[in-house]
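The values are calculated or read from the model by the stated rules, or taken from the named source; none is laboratory data. Because the structure is a prediction, the values reported are computed rather than measured. Ideal geometry is used to build each Cβ from the backbone, glycine not excepted, and the neighbour counts take in all protein chains shown.
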Amino acid sequence: MTDPTDPTDPTDPTDPTDPNAELPAPFGQRYEVNGHGLQTYRTGEGDTTVVLLPGGGSVGLDMWRVQEGIAQFATVLNYDRGGTGWSSREVKIPRGLREVTDELHELLRVADVAGPCILVGHSLGGLYARYFAARHPEQVAGLVLVEPGHEDFRKYMPKELTDVWDSFDPDNAVPGEIPQEIRDFYRGLFQEAMADFPDEIREPLVANHVHPGWLRIGIREGSNVKALGEEMRAAADRVPDVPTVILTATGIDAFKRAVSTGMPEELLAAETAGKLRLYDEVAASFSQGENRQVEGVGHVTLVMQRPDAVVEAVRDLHPAGRR
(Lines give C-alpha, C1' and ligand atoms only; values in the text may rest on other atoms or scores of the structure.)
Protein backbone atom coordinates (compact mmCIF):
# COMPACT_ATOMS: atom_id res chain seq x y z
CA MET A 1 0.00 0.00 0.00
CA THR A 2 1.39 3.40 -0.94
CA ASP A 3 1.76 6.15 1.62
CA PRO A 4 0.40 9.54 0.47
CA THR A 5 2.65 11.34 2.97
CA ASP A 6 5.80 9.90 1.40
CA PRO A 7 7.28 12.35 -1.13
CA THR A 8 8.66 9.40 -3.12
CA ASP A 9 5.15 7.96 -3.55
CA PRO A 10 4.19 8.41 -7.23
CA THR A 11 0.44 8.45 -6.58
CA ASP A 12 -1.50 11.70 -6.42
CA PRO A 13 -3.30 12.01 -3.03
CA THR A 14 -5.79 14.44 -4.62
CA ASP A 15 -6.75 12.13 -7.51
CA PRO A 16 -10.52 12.77 -7.96
CA THR A 17 -11.03 9.21 -9.26
CA ASP A 18 -9.90 7.76 -5.93
CA PRO A 19 -12.80 7.59 -3.40
CA ASN A 20 -10.28 7.81 -0.55
CA ALA A 21 -8.38 10.75 -2.03
CA GLU A 22 -7.87 13.98 -0.17
CA LEU A 23 -10.07 16.91 -1.15
CA PRO A 24 -8.48 20.09 -2.53
CA ALA A 25 -8.29 23.33 -0.59
CA PRO A 26 -11.47 25.39 -0.96
CA PHE A 27 -9.48 28.59 -1.64
CA GLY A 28 -6.25 30.35 -0.77
CA GLN A 29 -2.95 31.41 -2.26
CA ARG A 30 0.22 29.37 -2.62
CA TYR A 31 3.69 30.85 -2.15
CA GLU A 32 7.00 29.28 -3.09
CA VAL A 33 9.14 29.28 0.04
CA ASN A 34 12.60 27.71 0.25
CA GLY A 35 11.83 25.54 -2.76
CA HIS A 36 8.40 24.27 -1.77
CA GLY A 37 4.82 25.56 -1.85
CA LEU A 38 2.98 26.85 1.21
CA GLN A 39 -0.80 27.14 1.26
CA THR A 40 -2.03 30.42 2.76
CA TYR A 41 -5.18 32.46 3.14
CA ARG A 42 -5.21 36.18 3.94
CA THR A 43 -8.19 38.35 4.89
CA GLY A 44 -8.90 41.70 6.53
CA GLU A 45 -6.83 44.85 6.33
CA GLY A 46 -4.59 46.91 8.54
CA ASP A 47 -0.94 47.63 9.21
CA THR A 48 -0.27 45.05 11.94
CA THR A 49 -0.77 41.54 10.59
CA VAL A 50 -1.92 38.66 12.76
CA VAL A 51 -0.34 35.32 11.79
CA LEU A 52 -2.07 32.07 12.77
CA LEU A 53 0.14 29.07 13.58
CA PRO A 54 -1.96 25.88 13.82
CA GLY A 55 -1.15 22.98 16.12
CA GLY A 56 0.37 19.66 15.13
CA GLY A 57 -2.06 17.69 13.00
CA SER A 58 -3.97 20.89 12.27
CA VAL A 59 -4.02 23.32 9.35
CA GLY A 60 -4.60 27.02 8.96
CA LEU A 61 -8.28 26.70 8.06
CA ASP A 62 -8.98 24.86 11.33
CA MET A 63 -8.75 28.39 12.78
CA TRP A 64 -11.27 29.73 10.27
CA ARG A 65 -13.67 31.18 12.83
CA VAL A 66 -10.77 32.86 14.64
CA GLN A 67 -9.64 34.37 11.35
CA GLU A 68 -13.17 35.52 10.54
CA GLY A 69 -13.34 37.46 13.80
CA ILE A 70 -9.88 39.00 13.60
CA ALA A 71 -10.45 40.10 10.00
CA GLN A 72 -13.06 42.56 11.28
CA PHE A 73 -10.29 44.80 12.60
CA ALA A 74 -6.93 43.51 11.26
CA THR A 75 -5.11 41.73 8.47
CA VAL A 76 -4.85 38.04 9.30
CA LEU A 77 -2.86 35.31 7.57
CA ASN A 78 -3.14 31.56 8.11
CA TYR A 79 -0.84 28.98 6.54
CA ASP A 80 -0.07 25.27 6.44
CA ARG A 81 3.51 24.41 7.33
CA GLY A 82 5.60 22.62 4.75
CA GLY A 83 4.78 18.91 4.60
CA THR A 84 1.36 19.39 6.20
CA GLY A 85 -2.17 20.10 5.07
CA TRP A 86 -2.40 21.56 1.58
CA SER A 87 1.24 22.65 1.45
CA SER A 88 3.88 20.74 -0.50
CA ARG A 89 4.54 17.21 0.68
CA GLU A 90 8.18 16.96 -0.35
CA VAL A 91 9.17 18.49 2.99
CA LYS A 92 10.34 15.75 5.35
CA ILE A 93 8.85 15.86 8.83
CA PRO A 94 9.39 16.03 11.73
CA ARG A 95 11.51 19.15 11.62
CA GLY A 96 13.32 21.25 14.20
CA LEU A 97 12.22 24.65 15.46
CA ARG A 98 14.92 26.46 13.48
CA GLU A 99 13.82 24.95 10.18
CA VAL A 100 10.14 25.68 10.81
CA THR A 101 10.80 29.26 11.86
CA ASP A 102 13.16 29.81 8.92
CA GLU A 103 10.23 28.83 6.72
CA LEU A 104 7.86 31.25 8.45
CA HIS A 105 10.39 34.07 8.25
CA GLU A 106 10.77 33.54 4.51
CA LEU A 107 7.01 33.23 4.02
CA LEU A 108 6.47 36.63 5.61
CA ARG A 109 9.07 38.08 3.25
CA VAL A 110 7.71 36.62 0.02
CA ALA A 111 4.12 37.35 1.05
CA ASP A 112 5.13 40.97 1.71
CA VAL A 113 3.99 40.91 5.34
CA ALA A 114 5.58 43.84 7.12
CA GLY A 115 6.26 43.36 10.80
CA PRO A 116 5.98 43.51 13.62
CA CYS A 117 3.19 40.92 13.71
CA ILE A 118 1.03 39.35 16.38
CA LEU A 119 1.55 35.59 16.41
CA VAL A 120 -1.29 33.29 17.45
CA GLY A 121 0.09 29.84 18.14
CA HIS A 122 -2.09 26.85 19.03
CA SER A 123 -0.51 23.84 20.76
CA LEU A 124 2.66 22.95 18.81
CA GLY A 125 2.18 26.26 16.99
CA GLY A 126 2.69 28.01 20.34
CA LEU A 127 6.15 26.50 20.61
CA TYR A 128 6.95 27.67 17.08
CA ALA A 129 5.63 31.16 17.91
CA ARG A 130 7.89 31.56 20.95
CA TYR A 131 10.92 30.29 19.07
CA PHE A 132 10.24 32.64 16.17
CA ALA A 133 9.97 35.52 18.65
CA ALA A 134 13.29 34.53 20.23
CA ARG A 135 15.00 34.57 16.82
CA HIS A 136 13.24 37.60 15.32
CA PRO A 137 12.12 39.83 18.22
CA GLU A 138 11.87 42.86 15.95
CA GLN A 139 9.13 41.13 13.97
CA VAL A 140 6.87 40.29 16.92
CA ALA A 141 4.49 42.79 18.52
CA GLY A 142 2.63 40.33 20.72
CA LEU A 143 1.86 36.68 21.37
CA VAL A 144 -1.41 34.83 21.85
CA LEU A 145 -0.55 31.30 22.96
CA VAL A 146 -3.50 28.91 22.82
CA GLU A 147 -2.91 25.76 24.87
CA PRO A 148 0.75 26.11 23.87
CA GLY A 149 3.35 23.41 23.81
CA HIS A 150 6.11 24.13 26.31
CA GLU A 151 9.54 22.70 27.06
CA ASP A 152 8.70 22.28 30.76
CA PHE A 153 5.27 20.72 30.27
CA ARG A 154 6.29 17.31 31.60
CA LYS A 155 7.62 18.79 34.85
CA TYR A 156 4.09 19.83 35.81
CA MET A 157 2.49 16.48 35.04
CA PRO A 158 2.06 13.41 37.28
CA LYS A 159 4.50 10.58 36.55
CA GLU A 160 1.62 8.21 35.79
CA LEU A 161 0.69 10.45 32.89
CA THR A 162 4.19 10.93 31.48
CA ASP A 163 4.66 7.14 31.65
CA VAL A 164 1.61 6.78 29.39
CA TRP A 165 3.04 9.34 26.97
CA ASP A 166 6.40 7.54 26.93
CA SER A 167 4.72 4.28 25.97
CA PHE A 168 3.24 5.83 22.82
CA ASP A 169 4.82 4.57 19.59
CA PRO A 170 4.15 7.05 16.76
CA ASP A 171 5.27 4.50 14.14
CA ASN A 172 2.38 2.22 15.05
CA ALA A 173 -0.23 4.87 15.81
CA VAL A 174 -1.96 4.75 12.43
CA PRO A 175 -2.35 1.30 10.83
CA GLY A 176 -2.15 0.80 7.07
CA GLU A 177 -5.89 0.20 6.95
CA ILE A 178 -8.01 2.24 9.35
CA PRO A 179 -11.37 0.56 10.10
CA GLN A 180 -14.30 2.48 8.68
CA GLU A 181 -15.96 2.71 12.07
CA ILE A 182 -12.92 4.53 13.46
CA ARG A 183 -12.91 6.99 10.57
CA ASP A 184 -16.66 7.54 10.98
CA PHE A 185 -16.20 8.13 14.72
CA TYR A 186 -13.59 10.84 14.20
CA ARG A 187 -15.55 12.28 11.28
CA GLY A 188 -18.40 12.83 13.71
CA LEU A 189 -16.11 14.58 16.20
CA PHE A 190 -14.79 16.97 13.55
CA GLN A 191 -18.24 17.65 12.16
CA GLU A 192 -19.48 18.58 15.61
CA ALA A 193 -16.43 20.74 16.37
CA MET A 194 -16.82 22.56 13.03
CA ALA A 195 -20.61 22.71 12.99
CA ASP A 196 -20.56 26.49 12.55
CA PHE A 197 -18.07 26.47 9.68
CA PRO A 198 -19.34 27.17 6.13
CA ASP A 199 -19.97 23.95 4.20
CA GLU A 200 -17.28 24.77 1.62
CA ILE A 201 -14.67 24.84 4.41
CA ARG A 202 -16.01 22.18 6.76
CA GLU A 203 -16.44 19.42 4.19
CA PRO A 204 -12.84 19.26 2.89
CA LEU A 205 -11.45 19.77 6.39
CA VAL A 206 -13.46 16.92 7.87
CA ALA A 207 -12.78 14.57 4.95
CA ASN A 208 -9.05 15.22 5.05
CA HIS A 209 -8.66 15.09 8.82
CA VAL A 210 -9.83 11.47 8.80
CA HIS A 211 -7.67 10.59 5.78
CA PRO A 212 -4.80 8.21 6.73
CA GLY A 213 -2.30 10.50 5.05
CA TRP A 214 -3.23 13.51 7.14
CA LEU A 215 -3.37 11.39 10.28
CA ARG A 216 0.16 10.12 9.71
CA ILE A 217 1.42 13.62 9.00
CA GLY A 218 -0.05 14.96 12.23
CA ILE A 219 1.57 12.24 14.31
CA ARG A 220 4.92 12.58 12.56
CA GLU A 221 5.07 16.35 12.97
CA GLY A 222 4.91 16.15 16.75
CA SER A 223 6.92 12.95 17.16
CA ASN A 224 10.11 14.86 18.05
CA VAL A 225 8.52 16.94 20.80
CA LYS A 226 11.29 16.16 23.31
CA ALA A 227 13.95 17.43 20.90
CA LEU A 228 11.84 20.51 20.21
CA GLY A 229 11.67 21.15 23.94
CA GLU A 230 15.44 21.08 24.26
CA GLU A 231 15.80 23.40 21.29
CA MET A 232 13.32 25.82 22.84
CA ARG A 233 14.97 25.64 26.24
CA ALA A 234 18.24 26.84 24.72
CA ALA A 235 16.48 29.90 23.30
CA ALA A 236 13.92 30.63 26.03
CA ASP A 237 15.85 33.50 27.58
CA ARG A 238 15.79 35.32 24.24
CA VAL A 239 11.99 35.44 23.92
CA PRO A 240 11.19 39.18 23.97
CA ASP A 241 9.07 40.72 26.69
CA VAL A 242 6.08 41.49 24.47
CA PRO A 243 2.41 41.66 25.52
CA THR A 244 1.29 38.04 25.81
CA VAL A 245 -2.01 36.28 26.45
CA ILE A 246 -2.18 32.55 27.16
CA LEU A 247 -5.51 30.78 26.73
CA THR A 248 -6.01 27.64 28.81
CA ALA A 249 -8.87 25.23 28.15
CA THR A 250 -10.27 23.88 31.40
CA GLY A 251 -12.59 21.30 29.83
CA ILE A 252 -12.02 17.81 28.47
CA ASP A 253 -13.31 17.64 24.91
CA ALA A 254 -14.39 14.58 22.93
CA PHE A 255 -11.01 14.35 21.20
CA LYS A 256 -9.25 14.10 24.55
CA ARG A 257 -11.76 11.52 25.76
CA ALA A 258 -11.13 9.43 22.66
CA VAL A 259 -7.39 9.18 23.29
CA SER A 260 -7.75 8.83 27.07
CA THR A 261 -9.93 5.72 27.20
CA GLY A 262 -9.39 3.99 30.52
CA MET A 263 -7.55 6.93 32.07
CA PRO A 264 -8.86 7.80 35.56
CA GLU A 265 -10.71 11.11 35.89
CA GLU A 266 -8.31 12.06 38.67
CA LEU A 267 -5.39 11.85 36.25
CA LEU A 268 -7.16 14.02 33.67
CA ALA A 269 -7.92 16.56 36.40
CA ALA A 270 -4.27 16.50 37.51
CA GLU A 271 -3.20 17.20 33.93
CA THR A 272 -5.46 20.27 33.77
CA ALA A 273 -4.25 21.50 37.16
CA GLY A 274 -0.60 21.09 36.17
CA LYS A 275 -1.21 22.87 32.88
CA LEU A 276 -2.77 25.81 34.69
CA ARG A 277 0.20 26.11 37.06
CA LEU A 278 2.64 26.07 34.16
CA TYR A 279 0.76 28.62 32.09
CA ASP A 280 0.36 30.93 35.10
CA GLU A 281 4.13 30.90 35.53
CA VAL A 282 4.76 31.45 31.82
CA ALA A 283 2.38 34.41 31.80
CA ALA A 284 4.09 35.86 34.87
CA SER A 285 7.43 35.78 33.03
CA PHE A 286 6.14 38.60 30.78
CA SER A 287 5.66 42.08 32.24
CA GLN A 288 2.36 42.26 30.32
CA GLY A 289 1.39 38.60 30.48
CA GLU A 290 -1.94 37.02 31.36
CA ASN A 291 -3.29 33.48 31.52
CA ARG A 292 -7.00 33.35 30.73
CA GLN A 293 -9.05 30.25 31.44
CA VAL A 294 -11.56 29.20 28.79
CA GLU A 295 -14.32 26.93 30.03
CA GLY A 296 -16.46 24.43 28.16
CA VAL A 297 -13.85 23.37 25.58
CA GLY A 298 -10.71 21.28 25.45
CA HIS A 299 -7.28 21.39 23.85
CA VAL A 300 -8.39 20.68 20.28
CA THR A 301 -11.75 22.43 20.21
CA LEU A 302 -10.84 25.78 21.77
CA VAL A 303 -9.94 27.44 18.45
CA MET A 304 -13.00 25.95 16.72
CA GLN A 305 -15.72 26.43 19.32
CA ARG A 306 -14.49 29.41 21.34
CA PRO A 307 -13.05 31.66 18.65
CA ASP A 308 -14.39 34.62 20.61
CA ALA A 309 -11.80 34.01 23.35
CA VAL A 310 -8.96 34.04 20.82
CA VAL A 311 -10.32 37.06 18.96
CA GLU A 312 -10.72 38.99 22.22
CA ALA A 313 -7.10 38.23 23.18
CA VAL A 314 -5.86 39.46 19.80
CA ARG A 315 -8.06 42.55 20.01
CA ASP A 316 -6.55 43.40 23.40
CA LEU A 317 -3.05 43.31 21.88
CA HIS A 318 -3.76 44.85 18.47
CA PRO A 319 -3.52 48.64 17.99
CA ALA A 320 -6.71 48.74 15.89
CA GLY A 321 -8.58 46.55 18.35
CA ARG A 322 -7.87 48.89 21.27
CA ARG A 323 -9.31 51.96 19.58
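The stretch 259-323 holds helices (runs of 4 or more DSSP H) entirely within its bounds, and those carrying 3 or more residues that are under 18 Å from the mean Cα position of the chain (by Cα) map to 302-305, 307-317.
Looking across the stretch 68-90, the residues that are assigned to a loop (DSSP other than H, G, I, E, B), of a type outside the set (Lys, Arg) and either under 16 Å from residue 130 (Cα atoms) or at pLDDT 95 or above (or both) come down to 71, 72, 73, 74, 80, 82, 83, 84, 85, 86, 87, 88. Looking only at residues of the stretch 13-40 that are acidic (Asp, Glu) and closer than 28 Å to residue 53 by Cβ, we find that the one that is modelled with the highest pLDDT is 32. The residue pairs whose first member lies in the stretch 233-244 and is in contact (Cβ under 8 Å) with a residue 12 or more places away in the chain, whose second member is surrounded by fewer than 18 Cβ atoms within 10 Å (Cβ to Cβ) and outside any loop (DSSP other than H, G, I, E, B), and whose beta carbons are closer than 7 Å, counting only pairs six or more residues apart or on different chains, are 240/137. Would it be correct to say that residue 99 is closer than 20 Å to residue 84 by Cβ, surrounded by fewer than 23 Cβ atoms within 10 Å (Cβ to Cβ) and in contact (Cβ under 8 Å) with a residue 24 or more places away in the chain? When the stated conditions are applied, residue 99 does not pass them. Out of 180, 191, one residue alone is modelled with pLDDT under 90 and polar (S, T, N, Q). It is 180.
Exactly one residue out of 241, 163, 237 is surrounded by fewer than 18 Cβ atoms within 10 Å (Cβ to Cβ), over 21 Å from the mean Cα position of the chain (by Cα) and outside any helix (DSSP H, G or I): that is 241. Among the conditions (1) modelled with pLDDT of 95 or more; (2) more than 27 Å from residue 200 (Cβ to Cβ); (3) surrounded by fewer than 24 Cβ atoms within 10 Å (Cβ to Cβ), the only one that residue 48 does not satisfy is (1). Of all residues in the stretch 202-225, none are modelled with pLDDT of 95 or more, of a type in the set (Phe, Trp, Tyr) and either buried (at least 17 other Cβ atoms within 10 Å of the Cβ) or more than 30 Å from residue 132 (Cβ to Cβ) (or both). Regarding the stretch 305-314, can at least one residue be identified that is closer than 25 Å to residue 85 by Cα, out of contact with any strand residue (DSSP E or B) (no Cβ under 9 Å at 6 or more places or on another chain) and surrounded by fewer than 18 Cβ atoms within 10 Å (Cβ to Cβ)? Yes, because at least one residue in the stretch 305-314 is closer than 25 Å to residue 85 by Cα, out of contact with any strand residue (DSSP E or B) (no Cβ under 9 Å at 6 or more places or on another chain) and surrounded by fewer than 18 Cβ atoms within 10 Å (Cβ to Cβ). Considering the stretch 107-125, and only residues there that are surrounded by fewer than 23 Cβ atoms within 10 Å (Cβ to Cβ) and in a loop (DSSP other than H, G, I, E, B), the residue that is modelled with the lowest pLDDT turns out to be 115. In this structure, residue 178 does not satisfy being among the β-branched types (Val, Ile, Thr) and assigned to a helix (DSSP H, G or I).
Within the set 38, 61, 108, 104, the sole residue that is among the aliphatic types (A, V, I, L, M), in contact with a Cys (Cβ under 8 Å, 6 or more places away or on another chain) and farther than 23 Å from residue 291 by Cβ turns out to be 108.
The set of residues in the stretch 291-313 being of a type in the set (A, V, I, L, M) and touching a Gly at 6+ places or on another chain (Cβ under 7 Å) consists of 297, 311.
Mind checking whether some residue in the stretch 281-292 is β-branched (Val, Ile, Thr), touching a residue at least 60 places away in the same chain (Cβ under 8 Å) and touching a strand residue (DSSP E or B) at 6+ places or on another chain (Cβ under 9 Å)? Taking every residue of the stretch 281-292 in turn, at least one turns out to be β-branched (Val, Ile, Thr), touching a residue at least 60 places away in the same chain (Cβ under 8 Å) and touching a strand residue (DSSP E or B) at 6+ places or on another chain (Cβ under 9 Å).
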